[in-house]
Amino acid sequence: MTDISSQSFADVSFLTSVFDVKQLPAPELPEIAFAGRSNVGKSSLLNRLIKRKNLVKTSGKPGKTQSLNFFLLDNSIYLVDLPGYGYARVSKKMQASWQDLITEYLEIRENLKCVVVIVDLRHEPKIGDMQLVDWLRSNGVPFLLVYTKADKLSGNQRSKNAAILDAGFGVAKSDRLLFSAKTGMGRDNLLQALDSFLV
Ligand SMILES: Nc1nc2c(ncn2[C@@H]2O[C@H](COP(=O)(O)OP(=O)(O)O)[C@@H](O)[C@H]2O)c(=O)[nH]1
Ligand SMILES: [Mg+2]
C-alpha cells in the first residue's frame, strides 16, 4: 500500500512528457492526474503539493501545455499534469486532438487512482468542467474536486461559492476541498483525501 501524506517529498523529479499514449511509462506505480481549465492554477497547485517553487512550469501563456507531463514522487507515485482545456484561442482542431489524448489516457490507464479536477472557487461551474466530471462519472474513473484560489475570497464568499459549485457538479461537501496555492491552505486535506484513493 502506498500513501502520499507520509511521503517526504525529498525526491521529486520530472520524468517525461507524453504526446501519444504509446509513450506512457510502464504502469508500475500508482498514479494521480491533475486536470483543469487553462490558467485555473493547476501547475501552482502541483508545485505547492510537491513543495517546489517552479518544477511544474507555471506560465502566463494559457493553453501551452499540450502533453501529459509526468513527475515521479519519492520513487512511489506518478503525478501527471494534464493539458489544460477550455482555452478559446487555440484552434478547434487542436482542442480536439488534446481531448483525444486525454480521453484515451483516462480510458486505458490501469494504474490511475484519482483525477484531481481543479476549478476556480470564484467562478460558477463551467461547461468544460461539467463535461469532464460527467465523463469521469460515467466511465467510473475516481475523481476529487478541488476548488482553488480560495485566498482570493473572504470566508463567507468561500462557503457561498463552494455551495454553488457543489450543486453544479452534484457533489457532497465531503467530495471536494478548498485550496490555495498561494497560502498553502488545503494542502494537508488534499494529501489526506488522496490517501483514500491510493489504498
Ligand atoms: N491568488 C492565487 N493565485 C493563484 C493560485 N493558483 C494559481 N494562481 C495564479 O494563477 C495564474 C495561473 O496559474 P498556473 O498554475 O500557471 O495555472 P495553470 O494554467 O492551470 O497551470 C498564475 O498567475 C498563478 O500565480 C492561488 O491559489 N491563489
Ligand atoms: Mg500549467
Margin query: It is to be established whether one or more residues within segment 45-57 are surrounded by 14 or more Cβ atoms within 10 Å (Cβ to Cβ) and closer than 19 Å to E104 by Cα.
Written below: no
Next item on the list: Give A163, A150, A88 a once-over and let me know the one that is modelled with pLDDT of 95 or more and within 16 Å of ligand 1 (Cβ to nearest atom).
Entry: A150
Checklist line | Scan of segment 171-199 for residues that are part of a loop (DSSP other than H, G, I, E, B) and within 23 Å of L112 (Cα to Cα), ordered by number | finding: V171, A172, F179, G186, V199
Next item on the list: Looking for whichever is surrounded by fewer than 18 Cβ atoms within 10 Å (Cβ to Cβ) and over 20 Å from I32 (Cβ atoms) here; the options are K149, K126. Which one fits?
Entry: K126
Next item on the list: Would you confirm whether any residue within segment 5-19 is closer than 22 Å to L132 by Cβ and more than 16 Å from ligand 1 (Cβ to nearest atom)?
Entry: yes
Next item on the list: Filter segment 106-152 down to residues that are of a type in the set (S, T, Y) and more than 16 Å from ligand 2 (Cβ to nearest atom) and give me whichever is nearest to S44 (Cα to Cα).
Entry: Y147
Checklist line | So N69, is it within 11 Å of ligand 2 (Cβ to nearest atom), polar (S, T, N, Q) and touching a strand residue (DSSP E or B) at 6+ places or on another chain (Cβ under 8 Å) | finding: yes
Checklist line | Matching residues, segment 130-156, being touching an Asp or Glu at 6+ places or on another chain (Cβ under 7 Å), closer than 24 Å to K113 by Cβ and in contact (Cβ under 8 Å) with a residue 60 or more places away in the chain | finding: T148
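The values are calculated or read from the model by the stated rules, or taken from the named source; none is laboratory data. Please read all numbers here as calculations on a predicted model, not as lab measurements. We place every Cβ from the backbone using ideal geometry, glycine too, and count neighbours over all the protein chains shown.
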